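Everything below concerns the one structure shown next.
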Amino acid sequence: MTANGITERNNEKNIQTREETRSSEKYLKPAVNIIETDEGLTLTADLPGASKESLDLNIEKGILTISAPVSHTIPGHPAYTEFELATYYRQFSIPESLDHDKAKADFANGILTLRVPKAEVAKPRKIEVKIG
């Protein structure tokens, strides 16, 4: 196996340094912006072709997972194509200092907007200094 392979192995210890792909299904990695403010995180993801009904968002053990299958039924016969349709899939580590229970998501025109507020204990606060 070459040193640049996807699943490079250490022959001396027979330790696999990277996980092998378990599924033959192809996934697309959607473009994402993540903005942090004093109030929390705002994530926007570009998911053209996905539907609100099929969109799956999950936060578990500090991992945010976005999964959205795309319909493969396009009317007519393609004469020329430059992009392919596949399931969108992306995962992110997000801090436990966010209030996952208060997360809110909107999906419109192929754009997902997810807002996850910071927990009250994680928000910055000003400490008043008293004289004498």
key: Residue list for the range 61-107, filter: surrounded by 14 or more Cβ atoms within 10 Å (Cβ to Cβ), among the hydrophobic types (A, V, I, L, M, F, W, C) and in a strand (DSSP E or B)   = 64, 66, 68, 70, 92, 98, 105, 107
Whichever residue in the range 87-132 is among the acidic types (Asp, Glu) and in contact (Cβ under 8 Å) with a residue 24 or more places away in the chain and, among such residues, is nearest to residue 37 (Cα to Cα) = 99
ask   = Considering only residues of the range 108-132 that are assigned to a strand (DSSP E or B) and of a type in the set (D, E, K, R), which is surrounded by the fewest Cβ atoms within 10 Å (Cβ to Cβ)?
value = 115
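We did not get these values from a lab; they are worked out from the coordinates using the rules stated. None of these values were measured; they are calculated from a predicted model. Using ideal geometry, Cβ is built from the backbone for each residue, glycine included, and neighbour counts are taken over all protein chains shown.
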